[in-house]
Amino acid sequence: MPSKVPFVKQETNWFAIIPHLFVIGILTLFFYMITKNYYVEASFVTYFILTRVVRFVFIPKVVYSGIKLIKEAKFDQAIPFIQETIDYYTKNSWIDKFRFLLLISSSKKTFRETSICNLAYCYLQVGDIKKARSIYMNILEQYPMNNNAKSMLNTINLVENDVTNNIGNETNDKTPTA
């Protein structure tokens, strides 16, 4: 059953699919030279296995743990896992940089950028709006084209302005009139 909890999803960089197609082509040619039967099936099965092995090697389990907790709406528990993911991809930035060549991801956003957005979202969900705002502002400093951070900051500002206006109206309503 799909989760109703939103989290940052990846947008596809269609140009980054070229390495995937190239690998499939090479595998198809390789299996065609070995056997004329089932070479297409063999190339796709090999490609599938290859991508799973590469993901297993370059994506730590903590990534999947954090995403699972977000989908389960356990935001406070997800925060340390997501922070660990951010630390991993900060330390191993080359993985993010070459993720499409490693056949890991064809995403426009890096794993690090997405993880930071997920971290801010988790803080927002646990009620730490100040921390969430700070993280979203940090995201925009590092990744100025991040529409998710822009949108979430706008939402935070709108909600806070609405709350401030309502509090102001309640105060004015309680003021005695002459």
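The values are calculated or read from the model by the stated rules, or taken from the named source; none is laboratory data. Model, not experiment: these values are computed from the prediction. Cβ sites come from the backbone with ideal geometry, for glycine too, and all protein chains shown count toward neighbours.
To keep it simple, each residue is scored yes or no on (1) surrounded by 17 or more Cβ atoms within 10 Å (Cβ to Cβ); (2) in a helix (DSSP H, G or I); (3) in the same structural domain as ASN138 (by TED's automatic domain parsing).
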| position | (1), (2), (3) |
| --- | --- |
| PHE81 | yes, yes, yes |
| THR85 | yes, yes, yes |
| LEU101 | no, no, yes |
| SER105 | yes, no, yes |
| LYS109 | yes, no, yes |
| LEU119 | yes, yes, yes |
| LEU124 | yes, yes, yes |
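Can you name every residue in the stretch 47-75 that is in contact with a Leu (Cβ under 8 Å, 6 or more places away or on another chain) and at pLDDT below 90?
Answer for the stretch 47-75, where residues must be in contact with a Leu (Cβ under 8 Å, 6 or more places away or on another chain) and at pLDDT below 90: TYR47, LEU50, THR51, VAL54, PHE58.
Take the residues of the stretch 30-44 that are in contact (Cβ under 8 Å) with a residue 12 or more places away in the chain and surrounded by fewer than 17 Cβ atoms within 10 Å (Cβ to Cβ): which is farthest from LEU101 (Cα to Cα)?
VAL40
With respect to ASP96, determine if the residue is of a type outside the set (S, T, N, Q), surrounded by fewer than 16 Cβ atoms within 10 Å (Cβ to Cβ), without any contact (Cβ under 8 Å) to a residue 60 or more places away in the chain and closer than 16 Å to GLU113 by Cα.
When the stated conditions are applied, ASP96 does not pass them.
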